[in-house]
Amino acid sequence: MNRIDLKFNELKDKKEKALITFITAGDPDIVTTVNLVLEIERAGADLIELGIPYSDPVADGEVIQESSQRALNNGVKIRDIMKAVEEIRNKSSIPLVYLVYYNCIFKYGIEKFIRECRQVGIDGLIIPDLPLEGRGEIIDCAYENDIYIIPMVAPTSEERIKKILKDGRGFVYCVSIKGVTGTRDRISTDLRGYMNLINEYSKIPKAIGFGVSNVEMAKGFSKYAEGVIVGSAIIKAMAASPNKEEGIRRAAAFVKELKLALRDNIS
Amino acid sequence: MKGRFGQFGGQYVPETVMNAVMELELEFEKAIKDESFLEEYRYYLKEYSGRETPLYYAKGLSEKYGGAKIYFKREDLNHTGAHKINNVLGQILLAKRMGKKRVIAETGAGQHGVATATVAALLQMECEIFMGEEDIRRQSLNVFKMKMLGAKVTAIKSGTGTLKDAVNGAFRDWVTNIDNTFYVIGSVMGPHPYPTMVREFQRIIGDETRRQIIEKEGRLPDYLIACVGGGSNAIGIFYPFIEDKEVKLIGVEAAGLGLDTDQHAATITKGSLGVIHGMKTYVLHDEDGQIMPVYSISAGLDYPGVGPEHAYLHESKRAQYVAITDKEALDAFKELCLMEGIIPAIESSHAIAYALKLAPKLSKEEVIIVNLSGRGDKDINIIAREMGVDLHE
């Protein structure tokens, strides 16, 4: 069974909401990434999205753009990230998904990329610039290797939702806003109506992401879904730290706070 | 996937904009068949932009090079000084028809930005232009023009600060303001329907050329030559001739400091298959798919991708793609100034340079048409710098 399913089943039994955290692989360096994953797991993260840094991340706001650029400036390559995942897997069975732009997979070689994902222990892929219409290029190869392609839904999806979620696996990535990633003070989407629509078409767990800037917002989002995705806020906290060790410490403290709030929320 | 040219093209965009591109596709298909829309488009092309543009026989230049007859399609004589306005008029009229209040655009050399700001002023739309920081530095005159025309110019600091980053910036804005904003893409690139839509708004160049050359020579040309960054002026002149197999189509990319260096923008010549800005096409990228920095003296040609229809014309061998260096383009620029009294855009100078290489090898009966896509006023500063002349007072 895929680790993503195992995790959501486990959380369901415990009546807990999933805390999904995004970090950029290789920011500030790949050794720190390995330690960071292990530390934020310990702090309560349930699933980790590892961002493969990309030169032209059109779905991302400034915080993640800059984080990607730092990683690329350090020369991090896909093969380094694969090795790091292998190292993490020796010590942890937390579900891991890559957040990866399509050109990275395409140029690296779709089959090679997916085979390596399975070898090192990646459980799924989130590909923000590969909509439903392009999924056919990759999905058979991915499913044969038990790599999930996480379906993404946006507030503009409307009648596309049904098609997007047909045969969806893992969880549904529900984009909370019209816009790119990055923290917001508040969001204007009618989450209740939006999530009702999504729930109509899919039985797999839902997680809401984009725009979460603090514990209160995470708590708010978690009322409507089985999980909440936090990215830019964690990276911001790390980037503002004076050194790597402090960065890991602050990220872990923030994750811990988030997870506690999500636990409290179950009533 | 929709909007394919062979294996190229498609719609590789975030889910948030999928409904918007699908709506655009529908509205465009309706508009392009609607006589009242076309009438309005043609009205502005004629009365506002000054079409049709001349097909000019460069007698002096042809005689000097001693081979084929060289004609120039004078897109530089359009309002705002380049072919860009053909497409912008079409797209902004469509935006208006769709009830949008705000238009955004990316720009490299600033020509598309100026054209968009111009038509936005004409049709009273709110306008924001995204431009890379490096390009803002290189093209300060155009930046000032856009501001005079009432547009907001937003500098993009990320990445290399050039055209591709301006596209990223415009794209992010579009995702955020999808309800009220129309993204006016400046070339035959991006997700479907843009490559097709922009081609349809630029084919006026080739349609006129065809009529004009038959009038002047009583036959079709032997060669059509145009510069290719994204490739809109080239598709515009090529498209109506695609079925005429005897007409050879040549796209000229920017070889920058040379194809043997990493300082060029020759995407078809040196790139490989990839996905960029919503389309599958040739891309200059490394083995991990990271888009590589590109370079050309011309801000309008330094783009690491190319329109998917060009990729297809290359793969199917219907068109040939070559590359011209900065130096060759500069020499051609000077030559056109001295021999014909025309100051061409540095982009178009790449096409001229190739024509001047080719012409002497051909017979006097053969006919070359070069798309003179823009005028060179905007490039005077950079040309002066290259020549070691200080224009600052």
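Okay, residues lined up against (1) outside any helix (DSSP H, G or I); (2) under 30 Å from A:Ala154 (Cα atoms); (3) within 14 Å of chain A (Cβ to nearest Cβ):
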| residue | (1), (2), (3) |
| --- | --- |
| B:Met189 | yes, yes, yes |
| B:Glu208 | no, no, no |
| B:Gln212 | no, no, no |
| B:Arg219 | yes, no, no |
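Note on segment B:272-297: among residues that are farther than 26 Å from B:Lys2 by Cα and surrounded by fewer than 24 Cβ atoms within 10 Å (Cβ to Cβ), the one that is nearest to the other protein chains (Cβ to nearest Cβ) is B:Asp288. Just a yes or no: is a residue in segment A:11-34 under 30 Å from B:Met18 (Cα atoms), touching a Pro at 6+ places or on another chain (Cβ under 8 Å) and surrounded by fewer than 24 Cβ atoms within 10 Å (Cβ to Cβ)? Taking every residue of segment A:11-34 in turn, none turns out to be under 30 Å from B:Met18 (Cα atoms), touching a Pro at 6+ places or on another chain (Cβ under 8 Å) and surrounded by fewer than 24 Cβ atoms within 10 Å (Cβ to Cβ). Residues that are more than 14 Å from chain A (Cβ to nearest Cβ), of a type in the set (A, V, I, L, M) and either touching a His at 6+ places or on another chain (Cβ under 6 Å) or part of a helix (DSSP H, G or I) (or both) within segment B:11-47 comprise B:Ala31, B:Leu38, B:Leu45, listed in sequence order.
Scanning segment A:143-176 for residues that are assigned to a loop (DSSP other than H, G, I, E, B), surrounded by 18 or more Cβ atoms within 10 Å (Cβ to Cβ) and either more than 10 Å from chain B (Cβ to nearest Cβ) or within 16 Å of the chain's Cα centre (by Cα) (or both) yields A:Ile147, A:Ile150, A:Pro151, A:Ala154, A:Gly168, A:Arg169, A:Gly170, A:Phe171, A:Ser176. Of the residues making up segment B:336-346, none is closer than 15 Å to B:Ser298 by Cα, among the charged types (D, E, K, R) and buried (at least 18 other Cβ atoms within 10 Å of the Cβ).
Check segment B:194-205 and report whether any residue there is within 29 Å of A:Gly179 (Cα to Cα) and either outside any helix (DSSP H, G or I) or touching a Pro at 6+ places or on another chain (Cβ under 8 Å) (or both). The answer is yes, given that some residue of segment B:194-205 is within 29 Å of A:Gly179 (Cα to Cα) and either outside any helix (DSSP H, G or I) or touching a Pro at 6+ places or on another chain (Cβ under 8 Å) (or both). The residue that is surrounded by the fewest Cβ atoms within 10 Å (Cβ to Cβ), among those in segment A:121-142 that are outside any strand (DSSP E or B) and of a type in the set (A, V, I, L, M, F, W, C), is A:Cys141.
Matching residues to (1) in contact (Cβ under 8 Å) with a residue 40 or more places away in the chain; (2) more than 23 Å from B:Met292 (Cβ to Cβ); (3) out of contact with any strand residue (DSSP E or B) (no Cβ under 6 Å at 6 or more places or on another chain):
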{"residue": "A:Asp5", "(1), (2), (3)": "yes, yes, yes"}
{"residue": "A:Gly26", "(1), (2), (3)": "yes, no, yes"}
{"residue": "A:Arg42", "(1), (2), (3)": "yes, yes, yes"}
{"residue": "A:Glu49", "(1), (2), (3)": "yes, yes, no"}
{"residue": "A:Asp56", "(1), (2), (3)": "yes, no, no"}
{"residue": "A:Gly61", "(1), (2), (3)": "yes, yes, yes"}
{"residue": "A:Arg79", "(1), (2), (3)": "no, no, yes"}
{"residue": "A:Pro95", "(1), (2), (3)": "yes, yes, no"}
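Just one of (1) surrounded by fewer than 20 Cβ atoms within 10 Å (Cβ to Cβ); (2) among the small types (Gly, Ala, Ser); (3) within 30 Å of A:Ser176 (Cβ to Cβ) fails for B:Gly66. It is (3).
No other residue among B:Glu47, B:Glu25, B:Glu39, B:Glu15 is modelled with pLDDT of 95 or more, under 23 Å from B:Gly305 (Cα atoms) and surrounded by fewer than 20 Cβ atoms within 10 Å (Cβ to Cβ) apart from B:Glu25. Scanning segment B:248-300 for residues that are at pLDDT 95 or above and among the small types (Gly, Ala, Ser) yields B:Gly251, B:Ala254, B:Ala255, B:Gly256, B:Gly258, B:Ala265, B:Ala266, B:Gly271, B:Ser272, B:Gly274, B:Gly278, B:Gly289.
B:Ala166 satisfies every condition listed in (1) within 14 Å of chain A (Cβ to nearest Cβ); (2) over 30 Å from B:Leu391 (Cβ atoms); (3) touching a residue at least 60 places away in the same chain (Cβ under 8 Å) except (2). Which of the residues spanning segment A:135-168 are under 16 Å from A:Pro205 (Cβ atoms) and either of a type in the set (Asp, Glu) or at pLDDT 95 or above (or both)? Matches in segment A:135-168: A:Tyr148, A:Ile149, A:Ile150, A:Pro151, A:Met152, A:Val153, A:Ile161, A:Ile164, A:Leu165, A:Asp167.
Residues are listed down the side, and each one gets a yes or a no for (1) within 11 Å of another protein chain (Cβ to nearest Cβ); (2) of a type in the set (Gly, Ala, Ser); (3) in contact with a helix residue (DSSP H, G or I) (Cβ under 9 Å, 6 or more places away or on another chain):
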{"position": "A:Cys117", "(1), (2), (3)": "no, no, yes"}
{"position": "A:Val120", "(1), (2), (3)": "no, no, yes"}
{"position": "A:Leu132", "(1), (2), (3)": "yes, no, yes"}
{"position": "A:Gly136", "(1), (2), (3)": "yes, yes, no"}
{"position": "A:Cys141", "(1), (2), (3)": "no, no, yes"}
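Selection of segment A:55-78 for residues being within 7 Å of another protein chain (Cβ to nearest Cβ) and assigned to a loop (DSSP other than H, G, I, E, B) yields A:Ser55, A:Asp56, A:Val58, A:Ala59, A:Lys77. Residues in segment A:80-113 that are within 12 Å of chain B (Cβ to nearest Cβ) and over 22 Å from A:Leu130 (Cβ atoms): A:Asp80 alone. Within segment B:358-393, being loosely packed, with under 14 Cβ neighbours inside 10 Å and under 26 Å from B:Glu63 (Cα atoms) holds for B:Pro360, B:Lys361, B:Ser363, B:Lys364, B:Glu365.
For A:Val212, the criteria (1) within 14 Å of chain B (Cβ to nearest Cβ); (2) at pLDDT below 95; (3) crowded, with 19+ Cβ neighbours inside 10 Å; (4) in contact with a Gly (Cβ under 9 Å, 6 or more places away or on another chain) hold in every case but one, which is (1).
Report yes if some residue within segment B:224-232 is away from chain A (no Cβ under 14 Å), under 29 Å from A:Glu62 (Cα atoms) and assigned to a loop (DSSP other than H, G, I, E, B); otherwise report no. Lay out the reasoning, then the answer.
If we filter segment B:224-232 for residues that are away from chain A (no Cβ under 14 Å), which is where we start, we get B:224-232.
When the remaining residues are screened for being under 29 Å from A:Glu62 (Cα atoms), the result is B:229-230.
Checking the rest, the ones that are also assigned to a loop (DSSP other than H, G, I, E, B) come to B:229-230.
Taking every residue of segment B:224-232 in turn, at least one turns out to be away from chain A (no Cβ under 14 Å), under 29 Å from A:Glu62 (Cα atoms) and assigned to a loop (DSSP other than H, G, I, E, B).
A single member of A:Ile164, A:Ile150, A:Ile139, A:Ile127 is in contact (Cβ under 8 Å) with a residue 40 or more places away in the chain and closer than 26 Å to A:Thr21 by Cβ, and it is A:Ile150.
The values are calculated or read from the model by the stated rules, or taken from the named source; none is laboratory data. Keep in mind the model is a prediction, meaning the values are calculated, not measured. When we count neighbours, we look across all protein chains shown, and the Cβ atoms used for this are built from the backbone with ideal geometry, even at glycine.
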